[in-house]
Amino acid sequence: MKYGIDIGHNCSPDIGAKGIRQEDGMTMEVGTKVIFKLKALGHQVVECKPSRASSVGNSLQQRCYIANTNNVDVMVSIHFNSFNKQANGAEVFAISDTGRSIAKRILDNIVKLGYFNRGVKEGSHLYVVRNANAPTVLVECCFCDSKPDMDRYDAEALATAIVKGLTGQVSPTPDFDEKTTILEVQQALNRLKIRDDNGKPVVEDGSVDNETNAAIKNFQKIVGITETGIAGPTTWLAIKQILAKPILRPNHAAGTTVKYLQYRLGIEADGIYGAGTEAAVEKFQKQNGLTADGNVGPMTWAKLIG
Ligand SMILES: [Zn+2]
């Protein structure tokens, strides 16, 4: 199948609604994951969002033009709703019979995540639904100005629901989305104060470059995993272990997180929280105005990684 995926808005002056979270950020996040998952399942994907537009009308026109000239089989436009802070839930718009059946499958899967079911709705007032040649659905995942909806927001789960609705399948790689994970890795490296070979923070742009590879390698060296320069599942797991800020106590803690701690304290990285590490932690705590108890808890982690 060839899917046209239209990440809503994100093309000034075509910008999304602003609520508790911004629609633009969420459509980008969910849409990127949908694209990755569809590709992982072996489908063709045409990305319909233009890179620039002269007006909102022009932005919408280009989205349909891209879908139509690429002869996509199905077009999916991803959006988030906004109304009066009270309205909540998911709704999907379509006009054709095929569109409505696709819309229902997507909606059923989103509703399973706990969102209120607002139904499949008539979409003839929506530009992309009306002007794309292929059966088209416009998904309003939930409301960006509704607190319960935003509390429930999970891009990974929404993307999985949309892809399951479209294909009946779940992508085999739910947790490792190459594109967003590189951005997440870059953000994490900077938060962990891991630098490239020139001692500089990496640029958080979601694309792999020499500096990012070097910083990943440096992190791998610090925590003692194979220095590939590529952030695979093992590296990401190590990053997540540190970002989870586990409480580290003398004579109890060992492993990746302790190695990272020792690196930050500038002491020998043997990965074991013994007396030497305890002394260094107490010194660090004193320097940072904390109780010098040698236990690395939330306050100490906050000084280390924010
Ligand atoms: Zn929208």
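The values are calculated or read from the model by the stated rules, or taken from the named source; none is laboratory data. This is a predicted model, so every value here is computed, not measured. With ideal geometry, Cβ positions are generated from the backbone for all residues, glycine too; neighbour counts draw on all protein chains shown.
Values as computed for the structure displayed
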| read-out | value |
| --- | --- |
| Selection within segment 109-153 - out of contact with any Lys or Arg (no Cβ under 7 Å at 6 or more places or on another chain), under 20 Å from V56 (Cα atoms) and buried (at least 23 other Cβ atoms within 10 Å of the Cβ) | G123, V129, A132, T136, V137, L138, V139, E140 |
| Test: residue in segment 268-282 that is in a loop (DSSP other than H, G, I, E, B), modelled with pLDDT of 95 or more and in the same structural domain as K240 (by TED's automatic domain parsing) | no |
| Answer from D149, D196, D209, D154 - the residue that is touching a Phe, Trp or Tyr at 6+ places or on another chain (Cβ under 7 Å) and over 30 Å from N295 (Cβ atoms) | D149 |
| Set S77, S96: member being buried (at least 19 other Cβ atoms within 10 Å of the Cβ), hydroxyl-bearing (S, T, Y) and either farther than 28 Å from D154 by Cα or at pLDDT 95 or above (or both) | S77 |
| Qualifying strands (runs of 3 or more DSSP E) (wholly inside segment 74-164; at least 3 residues being touching a His at 6+ places or on another chain (Cβ under 8 Å)) | 136-143 |
| Contacts under 6 angstrom Cβ, first residue in segment 249-267 being more than 13 Å from L192 (Cα to Cα), partner assigned to a helix (DSSP H, G or I) and acidic (D, E), 6 or more apart | P250/E278 |
| Yes/no for K85 being crowded, with 16+ Cβ neighbours inside 10 Å and either under 17 Å from Q169 (Cα atoms) or touching a strand residue (DSSP E or B) at 6+ places or on another chain (Cβ under 9 Å) (or both) | no |
| Evaluation of E29 against (1) without any contact (Cβ under 8 Å) to a residue 40 or more places away in the chain; (2) within 16 Å of the ligand (Cβ to nearest atom) (one fails), failing number | (1) |
| Of all residues in segment 49-91 being without any contact (Cβ under 8 Å) to a residue 60 or more places away in the chain and within 14 Å of the ligand (Cβ to nearest atom), the one that is nearest to D14 (Cα to Cα) | V56 |
| Any hit, segment 7-21, residues being closer than 17 Å to I106 by Cα and either in contact (Cβ under 8 Å) with a residue 60 or more places away in the chain or more than 14 Å from the ligand (Cβ to nearest atom) (or both) | yes |
| Scan of segment 214-248 for residues that are among the charged types (D, E, K, R) and surrounded by 15 or more Cβ atoms within 10 Å (Cβ to Cβ), ordered by number | K217, K221, K245 |
| Selected residue [of a type in the set (S, T, Y) and under 28 Å from A292 (Cβ atoms)] from T235, T226, T256 | T256 |
